[in-house]
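Student: Okay, here's the structure, questions in a sec.
The values are calculated or read from the model by the stated rules, or taken from the named source; none is laboratory data. On a predicted model such as this, the values are computed, not experimentally measured, just so you know. Positions of Cβ are backbone-derived with ideal geometry, glycine not excepted, and every protein chain shown enters the neighbour counts. Accessible surface is based on the protein model in full, side chains and every heavy atom, while ligands, DNA and RNA are left aside. Shrake-Rupley method; radii C 1.70, N 1.55, O 1.52, S 1.80 Å.
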Amino acid sequence: MTKRLRRTRKDVYPASEDSASEFNGKTFSDNLEQNESFIKITFRTSSDLVCRKIRFQDDAPRKLIVYLNTLVDEQKLNEQIRTSFAMLQQDHYALEPEVTEGESTSAVNQIHTSTWGEMIRLLLSGYAAVFTEGDAQAICLKASASLRRTFEEPSSEPVIRGSKEGFVERQCVNFGMLRHYIRSPRLKSEDFIVGDLTQTKVLVVYIDGLADESIVDEVRKKIASIQIDGILESGAIEELIVDDRFPLLPRVQVTERPDVVAGGLLEGRVAIIIDNTPFVLVVPVTFWTGMQSAEDYNTRFPVATFSRWIRFLFLIVAIFAPSFFVAVTSFHQEMIPTSLLLSIASAREPVPFPVMIETLLMEIMFEALREAGVRLPKAIGQTVSIVGGLVIGDAAVQAGIISTPSVIVVSTTGIAALLIPRFNFANGVRLLRFPIILLAGSFGLYGIALGFLGILLYVVHLKSFGVPYFTPIAPFSIRAVKDVWLRSPRVNGRNFSVPATETSVKARRQEGGGGN
Amino acid sequence: MNRCMSMTITMLLILILGTGCWDRKEINDIGLVMATGLDLADNGQIQATLQIALPASSSLSTGGGSKPGKFFLISAVGKNGLELEQKLQQKLSRTLFFSHRSVILIGEDLARKGINDILDVFNRNPRNRLKTYMLVVKGRKAADLLQVDYPYELAPAEALKEMEMLKGEGTIVTLRDFMIASATGGMYPTTGVLEPAAFHRPGEKTADRLFRINGTAIFKSAKLAGFLNNTETHEFLWFKHNKRTDKIAADMPDGQGNVGYLITSSNYKIDVDSRSDPLKFHIRLKAIGYLFENNTPLDVTDPKNLQVINKALEDHIKLDMQAFLRKIQTEYHTDIVGFGQELQRHNPKKWRALEEEWDQYFKAADVSVSVAVTISNTGAIGPPLQLKEKEIEK
């Protein structure tokens, strides 16, 4: 979408330029009417621009208040103007020498400015500008309306035990939530503005001393180098800061949960908060973080370890179950126990397709149902599951187009993919099984072995912000590997945060990068 | 970069296409052979009968209605295994698939003539399983028993396989065991024996055919030498490490009733005295088990009574064992237990001298038996509950 925007508007405005930069050098005039007409020309055909002239007392100079009523809470503005101007009124002259540009006279956010560029930028972020007759300076008051929804439980990552608060679309609120989790001055945040037209605020958050400095540097560099006209969602940032032309597996963690981000920060990772989206990015990630759920750390460790193992088991099922079925039934029938083979054989007797075609058909059908289920309004969802599950599944078996064993295999695989806790990771993993089904259908178990090797090679070669994707298995770290196969128990007195940083630093050392 | 890429892709393609197994066979394209029956044909050649599973289509099986056949048989006569396979394949639209064959039945006539001509094909082709069970059909043609419509399993071959797997009931011999015993010096191979039996379907007067495992067939240079009956077979099981869950019913002396004993673990040892002439062997049998049945007035909670029972069991086993030994020594002259092997381990030099004439030496050998039975559990009660107080012998 941003690409299209760029193409169509190129003739009018150069897209590469900051939205307000063309006004950077221009200063205000001291004539109120001139200022007003300049603003009205700049914001022509913007229905939300309000220009209002007021006079406090008969002999006082006239003032011009300019704001965008979509961004400004007018009640707040009234209060601000009343309090700050009443104060200014009394000792206007006494204050003036001290108040220079960029400074403010009261605790509330008040900025003095004299250039159009800055004033327009402030106007667009919810400030109201107040011009005074005969003065070439404007006072900008912050009175932004809080366009914020209530905190809700994140629907993409529900937990049974754990915080029910999810991030919202406002960046400052989100960062505030993190501050509630980590009350330390070492929690640092660095501001970036990305997107020439959208001027999206991007915040890089990390814990000083815990986060690997080289990773923070890399994130900084990559965000600063983004050249684009618009950022609407964290997906765009994710795509632009990961150097991979074919990112099948995610190199950043996407989450709606502040506790997950706080946990990541405590492990020395870096969070990227983007305005207008509740999804926060955490980097770097490894293959194994894709298999961990926020809840693992809230449950007792044997239970969490068990569910981790179940997930590993079903990760393998999700990738290999249909291909194993295809390979065994079309190449290696001697591997199936006799009575099972007999029942598979009788189920397959009326089916006209080879097992591979049958399985692919079912897999694609399943993906279609899933896709339909995700996008549908809730009211129709019921219909889809009935039509999909009962009509298609049952009728296809009854009609002898599909055999029951492959329905079982495909639905098991479908369930297995849902066990992967991080949805962006699961999406990538789901795609892996299609090439392997093809391999299994043409080469049998040998094809699966090839496919497995291919996947392993691919995963091992990946890196997320300099950290190898398979850390801590490869490169191996005995201290950190405990948290991969087990959910290692917390020990009183030992820091929760140490291992992850250690491994990431170690990993960087091994590849010869970094310097710490 | 491009050259490197194309090289990699070429090499990968060679790797994939050069190695892959291109023999994809759908399940619908294979004929599952469940059992093979081998018989002597009228012209002296071999007649092979294959039992092929008939997978019922699922719509039929859910519909109930008419009962579809669970299997069908095809047979052909030929000189050797390959010729038979070709002739059988000509009768079938699906590829014969031998990997799931669980049983090979050999008719008595063929077994007496010798099975050397046919055995090799079962071992050479890797698609055959060495874990296939071998059985000799006593007094009948193997093909007859393959026709039995067994009430439980999908195919009678499955039933046979599962019957064979019940330990302690009879001789269990797989192709592999047969080959090992056959190739070992100082030992002769054996197989289990299958006999026709009968059962009644409800509401039908006439009996349906069934089969039962009963006895042991003894082979001598791939020819059937003779059979052991059920009692002798159970003694033979001592040496096959297959005595677990075997049951022994022993009479008490003085007509005091009888006891039932279930063996939970057994062991045997053969001592060899190689210097003596004739050769002397001593078999030491050890068994641990439960007293399962007590049809005597004895109170088995008393160790003294238990000793009496022990003695009766030991005598019973000893007697049966001696009968078994007599039979293989004097009637068949075949050392199926492996005394020769024991001698070979004990005194290889002597064995090499006797090897050629082993049957004669074995026939003349002096074999003695001693038995040690341990009763580890007598159940929850002492004497039988129905007895009056004064009938019980303390």
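Student: Report, by residue number, each residue of the range A:295-327 that is open to solvent by less than 10 Å² (accessible area, probe 1.4 Å) and within 14 Å of chain B (Cβ to nearest Cβ). If you could, list the steps in order and put the result at the bottom.
Tutor: Residues of the range A:295-327 that are open to solvent by less than 10 Å² (accessible area, probe 1.4 Å), as a first pass: A:296, A:304, A:308, A:318, A:322-323, A:326-327.
Scanning the range A:295-327 gives A:SER323, A:VAL326, A:ALA327.
Student: If you check A:LEU232, A:LEU240, A:LEU203, A:LEU197, which single one turns out to be under 18 Å from the mean Cα position of the chain (by Cα), open to solvent by 50 Å² or more (accessible area, probe 1.4 Å) and touching a residue at least 60 places away in the same chain (Cβ under 8 Å)? Talk me through it step by step, then tell me what you get.
Tutor: Details: A:LEU240 fails: touching a residue at least 60 places away in the same chain (Cβ under 8 Å); A:LEU203 fails: open to solvent by 50 Å² or more (accessible area, probe 1.4 Å); A:LEU197 fails: under 18 Å from the mean Cα position of the chain (by Cα).
After applying the criteria, what remains is A:LEU232.
Student: Mind listing whichever residues of the range B:182-211 are in contact with a Pro (Cβ under 9 Å, 6 or more places away or on another chain) and not aliphatic (A, V, I, L, M)?
Tutor: B:SER182, B:PHE199, B:ARG201, B:ASP208, B:ARG209, B:PHE211
Student: Further question on the same structure: Name the residues in the range B:98-138 that are within 14 Å of another protein chain (Cβ to nearest Cβ) and not basic (Lys, Arg), would you? Give the derivation first.
Tutor: Restricting attention to the range B:98-138, the residues satisfying the condition of being within 14 Å of another protein chain (Cβ to nearest Cβ) are B:98-103, B:125-133.
Residues satisfying the conditions are B:PHE98, B:SER99, B:HIS100, B:SER102, B:VAL103, B:ASN125, B:PRO126, B:ASN128, B:LEU130, B:THR132, B:TYR133.
Student: Find the helices (runs of 4 or more DSSP H) located wholly in the range A:341-458 whose residues include 3 or more that are within 36 Å of the chain's Cα centre (by Cα), and list them.
Tutor: Numbers: elements: A:355-375, A:378-385, A:395-398, A:404-418, A:423-443.
Because the criterion is at least 3 residues that are within 36 Å of the chain's Cα centre (by Cα), the helices (runs of 4 or more DSSP H) in the range A:341-458 that meet it are A:355-375, A:378-385, A:404-418, A:423-443.
Student: Turning to a different aspect of this structure: Scanning for something open to solvent by 40 Å² or more (accessible area, probe 1.4 Å), over 29 Å from B:VAL371 (Cβ atoms) and not assigned by TED's automatic domain parsing to the domain that holds B:ASP335, does the range B:224-238 turn up at least one residue?
Tutor: Keep residues of the range B:224-238 that are open to solvent by 40 Å² or more (accessible area, probe 1.4 Å), which gives B:229-231.
Retained after the next criterion (residues that are over 29 Å from B:VAL371 (Cβ atoms)): none.
Checked the range B:224-238: no residue is open to solvent by 40 Å² or more (accessible area, probe 1.4 Å), over 29 Å from B:VAL371 (Cβ atoms) and not assigned by TED's automatic domain parsing to the domain that holds B:ASP335.
Student: Could you please let me know if B:ILE336 is crowded, with 18+ Cβ neighbours inside 10 Å and modelled with pLDDT under 90? Don't jump to the end; show me each part of the working.
Tutor: Numbers: crowded, with 18+ Cβ neighbours inside 10 Å: yes; modelled with pLDDT under 90: yes.
So B:ILE336 fits the description; yes.
Student: Please name all residue pairs, on different chains or six or more residues apart, with Cβ atoms under 7 Å, provided the first residue is in the range B:95-115 and is at negative phi and the second residue is among the hydroxyl-bearing types (Ser, Thr, Tyr) and assigned to a loop (DSSP other than H, G, I, E, B).
Tutor: Filtered contacts from the range B:95-115: B:ARG101/B:THR132; B:SER102/B:THR132; B:VAL103/B:THR132; B:ILE104/B:THR132.
Student: Can you work out which of the residues in the range A:415-442 that are within 14 Å of chain B (Cβ to nearest Cβ) and open to solvent by less than 20 Å² (accessible area, probe 1.4 Å) is farthest from A:ARG308 (Cα to Cα)? Let's see the steps before the verdict.
Tutor: Within the range A:415-442, the subset within 14 Å of chain B (Cβ to nearest Cβ) is A:435-442.
Retained after the next criterion (residues that are open to solvent by less than 20 Å² (accessible area, probe 1.4 Å)): A:436-437, A:440-441.
Numbers: A:ILE436: 24, A:ILE437: 26, A:ALA440: 28, A:GLY441: 31 Å.
Within the range A:415-442, the match that is farthest from A:ARG308 (Cα to Cα) is A:GLY441.
Student: Scanning the range A:383-398 for residues that are over 14 Å from A:ARG370 (Cβ atoms) and of a type in the set (A, V, I, L, M), which turns out farthest from the other protein chains (Cβ to nearest Cβ)? Spell out how you get there, then give the answer.
Tutor: Step one: of the range A:383-398, the residues over 14 Å from A:ARG370 (Cβ atoms) are A:383, A:386, A:390-391, A:394-398.
Checking which are of a type in the set (A, V, I, L, M) leaves us with A:386, A:390-391, A:395-397.
On the way: A:ILE386: 22, A:LEU390: 17, A:VAL391: 18, A:ALA395: 13, A:ALA396: 13, A:VAL397: 8 Å.
Filtering first and then ranking leaves A:ILE386.
Student: Which one is least open to solvent (accessible area, probe 1.4 Å) among residues in the range A:145-159 that are small (Gly, Ala, Ser) and under 28 Å from A:ALA128 (Cβ atoms)? Before you say what the answer is, go through the steps one by one.
Tutor: Pass one, the range A:145-159, residues small (Gly, Ala, Ser): A:145-146, A:155-156.
Now restrict to residues that are under 28 Å from A:ALA128 (Cβ atoms): A:145-146.
On the way: A:ALA145: 33, A:SER146: 83 Å².
Within the range A:145-159, the match that is least open to solvent (accessible area, probe 1.4 Å) is A:ALA145.
Student: Kindly establish whether A:THR289 is in a helix (DSSP H, G or I) and outside the structural domain of A:ILE226 (by TED's automatic domain parsing).
Tutor: Values: in a helix (DSSP H, G or I): yes; outside the structural domain of A:ILE226 (by TED's automatic domain parsing): no.
Judged against the criteria, A:THR289 is not a match.
Student: Additional query: Among the residues of the range A:33-66, count how many are within 21 Å of A:GLY117 (Cβ to Cβ), open to solvent by less than 100 Å² (accessible area, probe 1.4 Å) and of a type in the set (Val, Ile, Thr).
Tutor: 5
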